[in-house]
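First comes the structure, then the notes that go with it.
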Amino acid sequence: MQDDLFKRLISHCKVYGFIYPSSEVYDGLSGVYDYGPMGAELKSNIKEFWWKAMVQMNENIVGLDSAIFMHPKIWKASGHVDAFNDPLVDNKDSKKRYRADQLIEGEIEKLEKKIEKEVEKARKRFDSFDEDLFRRTNERVMGWAKRAEEIGQQLAAALSANDMAGLKGMIDELEIADPESGSRNWTEVRQFNLMFSTQMSNVAGEEGKLYLRPETAQGIFVNFDNVQKTTRQKIPFGIAQIGKAFRNEIVARQFIFRMREFEQMEMQFFIRPGTEMEWYAHWKAKRMAWHRLVSPEAKLRFKDHEALAHYANAALDIEFEFPFGFKELEGVHSRTDFDLGNHQSLSGKNLQYFDPEEKESYVPYVVETSIGVDRMFLAVLSAALEEEVVPDAKGEDSTRTVLRIPPALAPVKCAVLPIVRNKPELVDKAREIFNRLKPYFQCQYDEKDAIGRRYRRQDAVGTPYCITIDFETMENDTVTIRERDSMQQERIPVDRVLDIVREKTDIHRLLEQLS
Ligand code: GAP
């Protein structure tokens, strides 16, 4: 069922101009995607919603747009040259390449699926079913849950100890087979660095080796001093930026969930050492509040990291229930003074901050919030896509596909539709209304096909409002406004259209709820 939703979503994205495979005329490029006309609008609205929530709504957060290319020493200092690796394993028979940790996680997922199946079976058997009690007392379920937990702990320990032999041992012990060929003939597990590199034209050899940034965060760290001095911000303050990041993912999969070129929205919040847990809790709550404005609460949850990244002393994910299960959407990380401290050591520049209140200098600690634009895009679309049976113009059942995108994020806010196209006075009036609306938000004018088909086309791209110009319009200067989700139509005066649509689709109404 969920698999089916995911397939429909991918195909819907292509058919309606949200997302195309990159370089499709050359059969595509794995892990890389292009955003079509609808996708570009939705993506830009997501970025605007994030930017305004972070920069505009917080007087102690300022924006930045740093370059993708940076001095190669930055990636040495940040730990990415030495530690930004994934454990890779090849199958000798199929020649397929996998992430060892994901193969092992697959075994945990299998156990979780078994548990779910058993729970569902029991639910059907008993009239008043207490799921919690069943999970705590059923021996089979308890056994699988215990095994899943043990595997998870062993995996976390091997990952944080960089124990490649330990991972290989687990693959052998669990008798994991290649998901495609069934073969258990594996190579040793080895580390694979995820950074893409290129060469500067005027410097030969290693010195001229540049990396495509794997996160936007480092551009913020190395500009900390510039930004602090030029904005005269006092700690605590944050720097936010949106930009492309690149990772040579071993297995790029699940559509735009794991890409090789993607976009991040990151904010580094600079604080006094010792206050990091307070700010970590603060940003954890703030970011979840932002998500809840546009995503169903039941699809969101927190998950603490079991294995901490090389730079963090506390970390969690905000997970979203994608069609393939709960997965990371955003990370909140307490990064200590790891990055600034290392940049200070390697560059020899003083990156300390003089705290006028504490009357002392220190290298600030950092709490980071980091979300992928593309993952947010996937979250919004997967929660929005629905197929439902509704009555058609003749009152008969028909299926409509609707994208229930929150109106403030919808690519097109309003469509203007003359009921017929062979009456010049209706067409002129519709054009006049369209011209009046278009300076304020994305609008579409459409006169082709029967009105019912035009409504369905707008439903499929998530347009929250359709304005229809009909014969009555010519008599009393009113139009109908149709709401996407309820399909209810109401008659309103032409001179109210702009205010009504603007009010209902305004991103600032969402932001007000964050105050
Ligand atoms: N600066 C910290 C950092 O980059 P991360 O957990 O590696 O942390 C942050 O990445 C976010 O970036 C993730 O939560 C996810 O939304 C997004 N992201 C990471 N890798 C991605 C990929 N290969 N494709 C799409 N989005 C990705």
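Before moving on, here are some points about what is shown:
- Taking a sphere under 9 Å around the Cβ of residue 33 and counting the other residues whose Cβ falls inside, with K and R at +1 and D and E at -1, yields a net charge of -3.
- Gyration tensor (alpha-carbon) shape descriptor, segment 375-503, a/c threshold 1.5: oblate
- Accessible-area value, residue 198, 1.4 Å probe, nucleic acids and ligands omitted, Å²: 60
- Once the Cα gyration tensor of the chain is diagonalised, semi-axes √(5λ) in Å: 44, 33, 23
- With θ taken as phi - 60° and the Karplus curve 6.51 cos²θ - 1.76 cosθ + 1.60 applied, the whole-hertz 3J(HN,Hα) list for segment 444-455 is 10, 9, 9, 10, 8, 6, 5, 4, x, 5, 5, 4 Hz, x standing for glycine and proline.
- Folded to 0 to 90 degrees: helix 164-173 orientation relative to the chain principal axis, Cα: 70
- Along its first, second and third principal axes, ordered by size, segment 159-207 spans 51, 28, 13 Å in Cα coordinates.
- Rolling a 1.4 angstrom probe over the protein heavy atoms with all chains in place gives segment 331-450 an accessible area of 44 Å² per residue.
- Taking label points 7 Å from Cα along the Cα-to-Cβ direction, residue 93 and residue 60 give a separation of 6.0 nm.
- Theoretical FRET efficiency, 1/(1+(r/R0)^6), r = Cβ-Cβ of residue 229 and residue 180, R0 60 Å, to 0.05: 0.65
- Among the trypsin sites (Lys or Arg not before Pro) found in segment 381-459, those both in a DSSP coil and sparsely packed, with 13 or fewer other Cβ atoms within 10 Å of their Cβ, are 394, 448.
- Shape summary: segment 407-477 maps onto an equivalent ellipsoid whose semi-axes, from the alpha-carbon gyration tensor, are 20, 14, 9 Å in decreasing order.
- Cα-based reach from residue 117 at 28 Å (exclusive), listing lysines while leaving out same-chain residues under 8 positions away: 7, 146, 299, 303, 327
- Over the C-alpha trace of segment 276-430, radius of gyration and Dmax come out as 24.5, 77 angstrom.
- Under the Karplus curve 6.51 cos²θ - 1.76 cosθ + 1.60, θ = phi - 60°, whole-Hz ³J(HN,Hα) for segment 297-306, x wherever Gly or Pro sits: 4, 5, 8, 10, 7, 8, 9, 5, 6, 7
- Low-density loop cleavage sites - trypsin sites (Lys or Arg not before Pro) in segment 167-226, where at most 15 other Cβ are within 10 Å (DSSP): 184
- Counting only DSSP beta bridges with both residues in the chain, the antiparallel share comes to about 85 percent.
- Surface composition of segment 139-243: carbon and sulfur make up 48 percent of the accessible area, probe 1.4 Å.
- With Cα atoms, 0 to 90° folded angle of helix 139-160 axis to the chain main axis: 70
- For the chain, the 222 nm mean residue ellipticity estimated from helices alone, with every DSSP H stretch of n ≥ 4 adding -39500 (n - 2.57) and the total spread over all residues, rounds to -12000 deg cm²/dmol.
- Loop-located GluC sites (Glu not before Pro) in segment 367-466, at most 10 other Cβ atoms within 10 Å (DSSP): 396
- The figure for residue 13 is an accessible area of roughly 0 square angstrom, using a 1.4 Å probe on the protein chains alone.
- Accessible surface of segment 359-498 [probe 1.4 Å, protein heavy atoms]: carbon and sulfur percent: 46
- Using the Karplus relation 6.51 cos²θ - 1.76 cosθ + 1.60 with θ = phi - 60°, the per-residue 3J(HN,Hα) values for segment 507-512 come to 5, 5, 5, 5, 5, 4 Hz, with x marking Gly and Pro.
- If the segment from residue 278 to residue 126 were pulled out straight at 0.36 nm per residue, it would be longer than the present Cα-Cα gap by 50.1 nm.
- Per residue, in Å², the accessible surface of segment 214-303 once ligands and nucleic acids are set aside, probe 1.4 Å: 38
- Here, segment 155-279 yields an orientationally averaged convex hull projection of 12.7 nm² when only Cα atoms define the hull.
- Accessible area per residue was computed with a 1.4 Å probe on protein heavy atoms; residue 347 scores about 60 Å².
- Tilt relative to the chain, helix 424-437 - C-alpha long axis, 0 to 90 degrees, to 10: 40
- Here's how it looks for residue 238: its modeled amide H is under 5 Å from those of 61, 62, 270, which are all 5 or more places away or on a different chain.
The values are calculated or read from the model by the stated rules, or taken from the named source; none is laboratory data. Every value quoted in this text rests on a predicted model; they were computed, and no experiment measured them. Ideal geometry is used to build each Cβ from the backbone, glycine not excepted, and the neighbour counts take in all protein chains shown. Note: areas computed on protein heavy atoms with side chains; ligands, DNA, RNA excluded. Shrake-Rupley method; radii C 1.70, N 1.55, O 1.52, S 1.80 Å.
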